[in-house]
Amino acid sequence: MPLSKRSKRTQVSKSNSDPSAVSAQRSETMRAVKAFDTGPERVVRSIVHRMGFRFRLSNSTLPGKPDIVMRRHRTVIFVHGCFWHGHACRRGARTPKNNRDYWLAKIGRNKARDVKVCDSLRNLGWRVLVVWECELQTKDVLISRLRRDLEDLA
Ligand SMILES: [Zn+2]
């Protein structure tokens, strides 16, 4: 029942003194962290980290909240899902049969937004790199690409 679920959650977040509530709250936080730092972003972070670069995670003060912010090198990296950001690859070309117009419009807006975000960051003096989700299928190629892109920064 949705109603009882909701009231339970409200209770949990309000009663911090109850140990079971605290652990419930913690596991909820863990879930949120996991959802945030998961999949492609995490893989790219670990690649960049192993290359010896230090960076911050998503920084909300920058346009578009880049996934990786290398402040020292004034470089940001976005990890884009091919579908959501309309990549020109097989995965990006796939559109759902249902509500096709809706998705095409939505993806079109995302793409327009990406261009704008990229321009704003460049105007602020940032270098912008984009890693596409599909690039993770050939990690060796991605690693040498990133090495090339980041070489002069090391
Ligand atoms: Zn792609």
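The values are calculated or read from the model by the stated rules, or taken from the named source; none is laboratory data. Given the structure is predicted, the values throughout are model-derived calculations rather than measurements. Methodologically, a virtual Cβ is constructed for each residue, glycine included, from the backbone with ideal geometry; neighbour enumeration extends over all protein chains shown.
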>> I'd like to verify a number: residues in segment 67-101 that are more than 16 Å from the ligand (Cβ to nearest atom), surrounded by 11 or more Cβ atoms within 10 Å (Cβ to Cβ) and farther than 30 Å from PHE53 by Cα, how many?
In response: 1
>> Based on this model, can you work out whether VAL76 counts as β-branched (Val, Ile, Thr) and modelled with pLDDT of 55 or more?
In response: yes
> When you go through GLY92, GLY125 one by one, which is the residue that is of a type in the set (Gly, Ala, Ser) and either farther than 18 Å from ARG74 by Cα or in contact with a helix residue (DSSP H, G or I) (Cβ under 9 Å, 6 or more places away or on another chain) (or both)?
Replying inline: GLY92
> Within segment 114-145, how many residues turn out to be out of contact with any Asp or Glu (no Cβ under 9 Å at 6 or more places or on another chain), of a type in the set (D, E, K, R) and closer than 19 Å to PRO40 by Cβ?
Replying inline: 5
>> Against the conditions (1) within 16 Å of the ligand (Cβ to nearest atom); (2) surrounded by 13 or more Cβ atoms within 10 Å (Cβ to Cβ); (3) modelled with pLDDT under 95, where does TRP132 fall short? Just the number, please.
In response: (3)
> Out of segment 71-130, which residues are free of Cβ contacts under 8 Å to residues at least 12 places away in the same chain and at positive phi?
Replying inline: ASN99
